[in-house]
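The values are calculated or read from the model by the stated rules, or taken from the named source; none is laboratory data. Note that the structure is predicted; figures quoted are calculated from it, not measured. Surface areas here come from the heavy atoms of the whole protein model, side chains and all, with no ligands, DNA or RNA. Shrake-Rupley method; radii C 1.70, N 1.55, O 1.52, S 1.80 Å.
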Amino acid sequence: VFNLQNIFQNAGVLSGFNGGVGVQLPLNAEMSLRPTLSVRRTSNPAVVTTTVTTVMDMTTTTQTLTRPSPTSTFGISLGADLLRRLMTGNLSPYAGVGLMLDVSTQNTFWRDDITTMNQVMVRNDSSTSFGFGGRGILGVGWRVHPHFLLFAEYAVNLVFVDVTADSTSAELTVMGAPPSTSKSNSSTTRVFEFSTGLSQGAALGLVAFF
């Protein structure tokens with residue numbers, strides 16, 4: 001099983017990666033077990049834009065810093081789904097249930113020495129999440145070849161528990177003065193929270209039969 005998130009609704013795919021791979025093991029003519037591994041990564045670093053303006057033979061150069069948040073993300077998910085075909089034939093809907101384990105991180109880092117003269121601001125934030133939950137699946141598969149099947153599916157997720165640890169750090173340096181640093185740490189725990197993939201579009205993929 002190969003999966004790539006729908007690029008029409010997730011532009012981050014173009015600046016990173018959001019996909020996965022798995023093995024679909026047939027249990028009988030209608031049921032199958034699908035262990036999966038999914039990986040996602042995005043990169044959106046701070047960008048300095050330089051603008052040059054010329055008026056009456058006088059040239060002015062200005063710089064601006066775009067400070068996105070986050071500047072990078074990474075996540076990995078393990079899943080195990082039990083699927084059942086609802087019809088026979090080359091085009092068939094299917095439904096299933098599954099369990100999932102997810103670990104993800106996101107970071108925000110930038111250094112701004114151009115916005116304010118004689119001042120340097122450094123931001124370094126990070127967040128790490130660990131989640132465990134279940135999901136219900138509804139999809140449709142199209143057997144386009146004896147060895148290949150295309151599928152599209154949606155999922156409704158139930159997070160049993162999700163623990164997030166956040167760390168923030170900001171350092172301000174003004175010329176002639178020692179750096180001023182502020183740091184904080186926090187954690188958040190969520191239990192039994194629903195989420196759906198409807199707003200994110202379907203997960204599209206390919207099954208290769210060997």
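So the values come out like this:
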read-out	value
Percent of C-alpha pairs per 5 Å bin, the chain, short to long	1, 6, 11, 14, 14, 12, 9, 8, 7, 6, 5, 3, 3, 1, 0, 0
Carbon plus sulfur fraction of accessible area for the chain, probe 1.4 Å, in percent	63 percent
Under Karplus coefficients 6.51, -1.76 and 1.60, residue-wise ³J(HN,Hα) of segment 126-143 in Hz, glycine/proline x	9, 8, 10, 10, 10, x, 9, x, x, 7, x, 10, 9, x, 9, x, 10, 7
Percentage relative contact order, segment 130-174, counting C-alpha pairs under 8 Å, at least six apart	44 percent
Contact order normalised by residue count of the chain, Cα under 8 Å, 6+ apart, percent	18 percent
Alpha-carbon centroid distance for the pair segment 135-198 / segment 31-50, whole angstrom	10 Å
Most mobile listed residue (Met175, Met56, Met100) in the chain, GNM with C-alpha springs under 10 Å	Met56
Solvent-accessible area per residue, Å², over the chain with all protein chains present [probe radius 1.4 Å]	64 Å²
GNM flexibility winner over the chain from Val161, Val97, Val55 (Cα, springs under 10 Å)	Val55
